[in-house]
Amino acid sequence: MPYAQRIMVKYPNLFSPIQVGNILFRNRIFFSATGHLDLKKDNTLSDDALLYYERRAVGGAAQVCIGSCEVDPVRGARGGPCIDMSDFNSLHYLSRLVDYVSRHGSVASPELCHAGMYANSMPGMTNPIYGPSDCEVEGRICRAMPEKVIEETIEAFANAAFFAKMCGFKMVTVHGGHGWLLQQFFSPYTNKRTDKWGGSAENRARLAVAVCDAIHRKCGSGFPVEMRISATEFEDGYDVEEGIEYAKQLEGHADIIHVSVGIHGSLMGDSWLKFSPTMFADDGVNVKFAAEIKKHVKTTPIVAIGALTDPAMMEEIIASGKADFVALARGLLCDPDLPNKARDGREDEIRKCIRCMSCWSGLMNGQIYCALNPETSREHESKFGFPPAEKKTVLVAGGGISGMQAALTASNCGHKVILCEKSGHLGGRISCEENVPFKKHVREYIQLQERLVSRAPIDLRLNTEVTPELAESLRPDVIIAALGARPAVPKIKGIDGPNVMAAEEAYIDPEKVGKKAVILGAGLVGTELAVYLSMLGHDVEIVEMLGQINAEGNMTQGMVVGGQLRDRGIRVRFNTKALEITDQGVVCEGPDGEKLLEADTVIYATGQKPLTDEAVALNLCAPRFYMIGDCLGPNNIINATKTAYTIAKDIGRH
């Protein structure tokens, strides 16, 4: 077969170009909007943020969407960069951003947003907060948007699009979902109007349609407008049948309809977890909504989104006609090279998002970080960092998460690397969770790192404990101790009883756990174990000395797991101390006094004891010595990977 016919036979639909308006997209993979909060004092994106978006273009995405660009800084701001006509100072940085993305072959698209009733009041101003109808939200009074303000808002979207076009953008994405202004008009839950902007589905969609038309009038019919909508608000809002009606109203006005789901904010409970699916949801969980809308929208391309990382699944979505595009946000935070790897036939090198919510927790603190990709939001360092000045021999002691990352990074920097692991396999203590259904992508990540280690010029030595004697015999220039930790055994009477086990053992051999189990400790290890055992049919209860779940720095995942505990009826006894373990269960002291909690099995998930002494013993066995991961103290994946990556990068520079 000629070479030209051999290439691209595996995912021909996913990588087929498609024309929309004046734009030819090189494939069907979009980088969905993520708002980057690394803003300068003038509310423009920093250079680091520009490189963050550029990196997704380098990886092969057809479109890179710049999230949370605000069209009305007075009435509709929530904290993102402004893209309205009043600030021509932003012309320079936005033009640079377009250049950073487009020169790599991707199409840059700003996400035009108006927060409506969720907008922040401007400092020192008394401007009212407007939504579709009078209401109170987040403790503030929101007024029904007058007709004049509605027309001004339509014009604001059009002006922002025109300004974006002046900056070089070839299209725009209008955010009409997730609870922002346009969805507030879509939703009968928030839109109680009786004029032409409320009532019927046609009237509630009128604002979104008018925005699309106004943008086309200003920017031309060939300038694509992608409209993002929520197909459903789930339990308390509109359902998919109504979402279909909104999509039908948009056909012929929007050039692309991006189908998400859910709503954030204080009105709809956990609905926001639906548009950002957790590890407890199936892969591609929201594609069915895009597919349903696709049945009713015949001429406008449809974008599907929601927990997508597998190229084979994405190929099937396009090939079967469920959607015309797929969009990934966290999937491309975790591995921006996913499109290129899929096209090259390197699927087994794709780093798949584990949906651990670390990026969401970081975003709440003003920065987007990824637990598995230490380069996310550190693109400036990875792009402009200098290669090591001197090649070193690096001994990595311990083949867990941090040890594997350190070995791979050091090897990629050109150092000679020896990786020793005491056990017969890589992965460390997290390997005990490999059979947990909602942790399948964690298992895949460990397998990926193992493959990459095997393919790198790394001297891997399993079943090899790094003692001072071995370390000295290898004569390394650098030792990185990543020895990990062992389960911390609480000092409770009866802890050594036959009905007691550590959380790690329960994960590995859940069949040893009795029908009724009590878990000591409401950290993520204990709470996720409770969910897993509940899935297997066990009756589970948790005892925690503190007053809340200890999310170990990942508060968003703590919220997610807390929701799972609630939904499954798993009780957590907060502010409760275990006094004694007997053959009947656990004697506890809590707010209601002393009580016996009956249990067949008692499981302790009370933290880890760092192997600090074993690590420190290697301190003088090489000129340079580092400690990373759990041997330093309690840690999580995001801290383990970023520290391992950074320290390995530092070697040889100074």
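Within the stretch 612-654, the only residue that satisfies the criterion of being of a type outside the set (Val, Ile, Thr) and touching a Lys or Arg at 6+ places or on another chain (Cβ under 7 Å) is Gly652. Report yes if some residue within the stretch 49-60 is in a loop (DSSP other than H, G, I, E, B), crowded, with 23+ Cβ neighbours inside 10 Å, of a type outside the set (Lys, Arg) and assigned by TED's automatic domain parsing to the domain that holds Met117; otherwise report no. For the stretch 49-60, residues in a loop (DSSP other than H, G, I, E, B), crowded, with 23+ Cβ neighbours inside 10 Å, of a type outside the set (Lys, Arg) and assigned by TED's automatic domain parsing to the domain that holds Met117: present. Counting only strands (runs of 3 or more DSSP E) that sit completely within the stretch 556-627, those holding 1 or more residues that are among the polar types (S, T, N, Q) correspond to 577-582, 601-604, 608-610. In the condition set (1) over 25 Å from Phe280 (Cα atoms); (2) modelled with pLDDT of 95 or more; (3) not basic (Lys, Arg), Ile446 is compliant with all but (1).
Note on the stretch 390-407: residues that are within 29 Å of the chain's Cα centre (by Cα) and either acidic (Asp, Glu) or closer than 10 Å to Leu426 by Cβ (or both) total 7. Picking from residues in the stretch 335-389 that are closer than 23 Å to Gln557 by Cα and aromatic (Phe, Trp, Tyr), the one that is farthest from the chain's Cα centre (by Cα) is Tyr369. Residues that are free of Cβ contacts under 8 Å to residues at least 60 places away in the same chain and under 19 Å from Arg330 (Cα atoms) within the stretch 291-312 comprise Ala304, Gly306, Ala307, Leu308, Asp310, listed in sequence order. Report yes if Val587 is over 27 Å from the mean Cα position of the chain (by Cα) and without any contact (Cβ under 8 Å) to a residue 40 or more places away in the chain, otherwise no. Yes: the conditions hold for Val587.
On inspection, Ala617 does not qualify as assigned by TED's automatic domain parsing to the domain that holds Glu469 and surrounded by 21 or more Cβ atoms within 10 Å (Cβ to Cβ).
Checked against the criterion of being modelled with pLDDT of 90 or more, part of a loop (DSSP other than H, G, I, E, B) and either closer than 25 Å to Asn22 by Cα or not assigned by TED's automatic domain parsing to the domain that holds Ala115 (or both), the stretch 78-85 contains not a single residue that satisfies it. State whether one or more residues within the stretch 522-536 are within 21 Å of Asn635 (Cβ to Cβ) and assigned to a loop (DSSP other than H, G, I, E, B). Yes, there is a match, as at least one residue in the stretch 522-536 is within 21 Å of Asn635 (Cβ to Cβ) and assigned to a loop (DSSP other than H, G, I, E, B). Of the residues screened, Gly547 is not one that is modelled with pLDDT of 95 or more, assigned by TED's automatic domain parsing to the domain that holds Leu596 and in a loop (DSSP other than H, G, I, E, B).
Restricting the stretch 355-397 to residues that are at pLDDT 95 or above and β-branched (Val, Ile, Thr), which is surrounded by the most Cβ atoms within 10 Å (Cβ to Cβ)? Top of the filtered list is Val396. Within the stretch 627-636, being in contact (Cβ under 8 Å) with a residue 24 or more places away in the chain and either among the basic types (Lys, Arg) or surrounded by fewer than 21 Cβ atoms within 10 Å (Cβ to Cβ) (or both) holds for Pro634, Asn636. When we screen Val396, Val442 for residues that are out of contact with any Lys or Arg (no Cβ under 9 Å at 6 or more places or on another chain) and not in a helix (DSSP H, G or I), the only hit is Val396.
The one condition from (1) more than 30 Å from Asp613 (Cβ to Cβ); (2) in a helix (DSSP H, G or I); (3) outside the structural domain of Tyr52 (by TED's automatic domain parsing) that Lys391 does not meet is (2).
The residues on offer are Asn191, Asn127, Asn159, and the sole one that is more than 26 Å from Glu251 (Cβ to Cβ) and either out of contact with any strand residue (DSSP E or B) (no Cβ under 6 Å at 6 or more places or on another chain) or free of Cβ contacts under 8 Å to residues at least 12 places away in the same chain (or both) is Asn127.
The values are calculated or read from the model by the stated rules, or taken from the named source; none is laboratory data. Computed from a predicted model, the values in this text were never measured in an experiment. Every residue, glycine as well, gets a Cβ built from its backbone with ideal geometry; the counts of neighbours run over all protein chains shown.
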